[in-house]
Amino acid sequence: MAVAPDQTPDQTPTPSELPRLWLLSDARNDAALERSLAALPFGSGFVFRHYHLAAAERRTRFAALAALARARSHRVVLSGDPALAKQWGADGAYGPPARIAGAGILAIATAHDEAEIAAAASAGASAIMLSPVFATRSHPGGEALGAARFRALAGLAPLPVIALGGMDAARARELGWPRWAAIDGLTTG
């Protein structure tokens, strides 16, 4: 597990230590993940989801990608409960507030509205991934927050917020938000 010299594995990063850029895995970007992880700036974040794989296959793919991510000092977060994240040697867990509650490790909660932001804070999340900012292939036809609503909701959060949903470098500049994540928008090749 990649840990800063002044941290123990059970401590979560301070907001200044939390990566600004995050790549999320998905079935549709799987073939390009090795190139994408190598292209990310050192010290970025990687959320391994891969819900499409059976448990043993998912574990094997996680181990391979985590090794590549760590070679570039990326934080590696597993979508799953904190116990599984710890068992697999992930730096953190990702998911809805109820699933990451009391993680004891880096915990990134998903949120889509004010109630989920409050739930994430109550659950002890380290950060919130707020989505969808813009229209996204992950949820075709779904309602996006838009820049103004995203900023309003993010302003209510008592912890760092990561923008997700239709994000790429151009959209991140347009939004003017310091932390963002993408699936397709960071896929190389």
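Here LEU186 passes the criteria (1) of a type in the set (A, V, I, L, M, F, W, C); (2) at pLDDT 95 or above; (3) buried (at least 23 other Cβ atoms within 10 Å of the Cβ) except the one numbered (2). Filtered by the rule that a residue be of a type in the set (A, V, I, L, M, F, W, C), assigned to a helix (DSSP H, G or I) and closer than 20 Å to GLY45 by Cα, region 85-99 gives ALA85, TRP88. The test for being of a type in the set (Gly, Ala, Ser), over 22 Å from ASP184 (Cβ atoms) and out of contact with any Lys or Arg (no Cβ under 7 Å at 6 or more places or on another chain) holds for ALA54.
Residue selection: GLU17 fails the criterion of being at pLDDT 95 or above and either over 12 Å from LEU106 (Cβ atoms) or not hydrophobic (A, V, I, L, M, F, W, C) (or both). For region 34-60, taking the residues that are touching a strand residue (DSSP E or B) at 6+ places or on another chain (Cβ under 8 Å) and in a helix (DSSP H, G or I), the one that is surrounded by the most Cβ atoms within 10 Å (Cβ to Cβ) is identified as LEU37. For beta carbons closer than 6 Å, sequence separation of 6+ or different chains, a first residue in region 172-184 that is in contact (Cβ under 8 Å) with a residue 24 or more places away in the chain and a second that is of a type in the set (Phe, Trp, Tyr), the qualifying pairs are ALA181/TRP22. Looking only at residues of region 24-33 that are surrounded by fewer than 20 Cβ atoms within 10 Å (Cβ to Cβ) and among the small types (Gly, Ala, Ser), we find that the one that is modelled with the lowest pLDDT is ALA27.
For VAL76, state whether it is at pLDDT 95 or above and in contact with an Asp or Glu (Cβ under 6 Å, 6 or more places away or on another chain). Yes.
The values are calculated or read from the model by the stated rules, or taken from the named source; none is laboratory data. Nothing here was measured: the structure is a model prediction, and the numbers come from that model. Positions of Cβ are generated from backbone atoms using ideal geometry, with glycine treated the same way; all protein chains shown enter the neighbour counts.
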